[in-house]
Amino acid sequence: FWQYVDKDFGTGVLKISPGHDHNDYILARKLGLPILNVMNKDGTLNDVAGLYCGLDRFEVRKQLWADLEETGLAVKKEPHTLRVPRSQRGGEIIEPLVSKQWFVNMESLAEKALHAVHKGEITIMPERFEKIYNHWLSNIKDWCISRQLWWGHRIPVWYIEGRSGEEDYIVARNEVEALEKAREKYGEGVEIYQDPDVLDTWFSSALWPFSTLGWPNESSEDFKRFYPTTMLETGHDILFFWVARMVMMGIELTGKVPFSNIYLHGLIRDAQGRKMSKTLGNVIDPLDTIKEYGTDALRFTLALGTAGQDLNLSMERLTANKAFTNKLWNAGKFVLQNLPSQTDASAWEAILAHKFDAEESLLRLPLPERWVVSELHVLTDTVTASYDKYFFGDVGREVYDFFWSDFADWYIEASKARLYQSGGNSTASLAQAVLLYVFENILKLLHPFMPFVTEELWQALPNRKEALIISSWPQTSLPRHANSIRQFENFQALTRAIRNARAEYSVEPAKRISAWIVANKDVVQYISNEKEVLALLSRLDTENVHFATSPPGEANKCVHLVASEGLEAYLPLADMVDISAEVDRLSKRLAKMQTEYEGLVARLGSPKFVEKAPEDVVRGVREKAAEAEEKIHLTKKRLELLRSSALVSQ
């Protein structure tokens, strides 16, 4: 009995009260002790309590101690803190009490449910939760399904009026059937009453997959169509309480597993990873969140979580995904504003003539269009595969990155060179066709995550014959051109390098500058073909963008940029800055930096500071000194370039 005795507390003598303690009940069953219940359901003591029969439990405790003291049996009184179980709802003290309850024998049910997962009839995702499922069902105990609650499915058991023995009971589907059975056994004049208890909520919930579909009428249309279903999606915390019980009940009562896949999502926690509770005051109301951020932003944020892994819901995430929703909306507005009127039949004929599902038509496209369509086709295959594997977080991130980083940031901007500049109607119709094709496919890929904004945008597009929710999924295995993707990545690297140089030299955003683009013949060809796009994205003067296979003669008066291997740019300094004014500005800045640097070096050169200042302070000064030294070096190099350029000009 050692495991039931706390050797550090009391006398070491073990009191056994099997009718009022779970552990004592188990011990009594092992030892064959009688199970005595001293308490009525109203908290008063019954006949077993002898002298104290009829008294309230709290009153008896005081009276019992007084009697012990009066008879000289009390040894001493000591204060002791103990755990008192209380009702979660009402706060009342709970008294353990032995009573008749209905149980389900679980061993055979659990065995079939274990076998279903072992045979692969059911797949649990993530796979690691299969161990938890197996552990629960392999160590299962009989299930008490009686509950003393006001609401629920009544236990389908009826007793015989006038018979005290609870062994005289009838099990039936309804009262009419129960009465018929009772009359057959006990005679026509018999009266019955139903067990007052209700079924455990989880028992009722376990019947849900088939009880909602017309069962036990298995020939009903709903049952035949929807049972068993493909997927159950629920939280990992109720894998045993609900999921395993649905599996057991489904197999037992229908002969089939209720679903073939179980997808377990994580719990939603607050930004600090704490479980939400009223006590902590950290509950996030979804209705308030929807009001502030929108339903689509909230759905997208939650769906980006990893299966089975809890998600810390922060306002920063919601803000970012609200911005994503706005970006999607604005992209839709851009596409709509740049499509012809629906009454312009010839313009729409030109747009719809462009096809992107054959390799020949893809290869005829200019580089930006060839790139974005290829990337879309790659994305469609990747996303479809991720959806098939239930990697929903991956889907969301992949579509997000493509839409924002590729389509919105690059292709929409590049398309403006076709839409707003010279090149003829054919060039504009091509850009319109690509914008429409890519955008409508983005809406399809995003629709499961963000159904409201995608449906609204879809139905605003011209020539929509059906709602997005019932439209066909994007076609997979469409052509893509890997070399074009690499070429456009070079184009992007060149654009970024020029933009960074403009920012570094504080060139006014509206100012157009000259540039020499230097590369081998093949690279020059595909970059020069997109001269107008490059000029638009990099703010270059179209008339003064030159392409060559070797550096220009005045390279020493230019800022030299290496965009990628074999692709360089030379930007004339005189186009970018007023050299004389810039030399003056940088000279003053250098003098100031030099003074600050010398001050830091002086502090580090002082033994008193290094030895007595806290270690993190000394480390911080060293880091500042190193950073200042690097800035001085870069400023000197820029001054050297500016002065040499000025001398050459003179």
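The values are calculated or read from the model by the stated rules, or taken from the named source; none is laboratory data. Quick caveat: nothing in here was measured; it's all calculated off a predicted structure. No Cβ is skipped: glycine too gets one built from the backbone with ideal geometry, and neighbour counts run over all protein chains shown. What goes into the accessible areas is simple: the full protein's heavy atoms, side chains included, and nothing from ligands, DNA or RNA. Shrake-Rupley method; radii C 1.70, N 1.55, O 1.52, S 1.80 Å.
Quick rundown of the values:
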| read-out | value |
| --- | --- |
| Reach of LYS185 by Cα under 29 Å, taken over lysines that are not fewer than 8 positions away in the same chain | LYS100 |
| Among 629-638, 325-334, the order from most to least packed when residues are scored by Cβ within 10 Å on average | 325-334, 629-638 |
| In the stretch 171-249, the GluC sites (Glu not before Pro) that fall in loop regions by DSSP, at most 16 other Cβ within 10 Å | GLU188, GLU191, GLU218 |
| Within the chain, helix-based [θ] at 222 nm, where runs of 4 or more DSSP H residues each add -39,500 (n - 2.57), nearest 500 | -15500 deg cm²/dmol |
| Nearest-0.05 FRET efficiency for GLU177 and ASP142, computed from C-beta distance (R0 25 Å) | 0.45 |
| FRET efficiency estimate (nearest 0.05) - Cβ-Cβ, GLU221 to LEU31, R0 45 angstrom | 0.20 |
| Kyte-Doolittle mean at least -1.0, axial Cα span of 18 Å or more - DSSP H helices of the chain | 315-337, 367-388, 424-446, 482-504, 579-604, 615-649 |
| Per residue accessible area in Å² of the stretch 96-215, where ligands, DNA and RNA are left out and the probe is 1.4 Å | 65 |
| Within the chain: Cβ-based charge dipole about Cα centre, in debye rounded to nearest 20 (Lys, Arg +1; Asp, Glu -1) | 1940 |
| The stretch 65-96 and the stretch 16-41: distance between their alpha carbon centers, rounded to Å | 18 |
| Rh (Kirkwood; distinct C-alpha pairs) - the stretch 277-349, Å | 15.1 |
| Over the stretch 415-553, equivalent-ellipsoid semi-axes from the Cα gyration tensor in Å | 37, 17, 15 |
| For peptides 453-465, 142-154, sequence by mean Cβ density within 10 Å, most packed first | 453-465, 142-154 |
| Share antiparallel - DSSP beta bridges, the chain, percent rounded to 5 | 60 |
| Flagged links, alpha-carbon separation over 22 Å, of LYS112/LYS141; LYS112/LYS256; LYS7/LYS76; LYS608/LYS631 | LYS608/LYS631 |
| Length added when fully stretched, LYS636-LYS465, from 0.36 nm per residue minus Cα-Cα | 55.1 nm |
| Protection proxy ranking of 242-250, 27-35, 443-451 - average other beta-carbon atoms within 10 Å, highest first | 242-250, 443-451, 27-35 |
| For the stretch 432-572: lysine pairs under 26 Å (alpha-carbon distance), excluding those fewer than 8 apart on one chain | 6 |
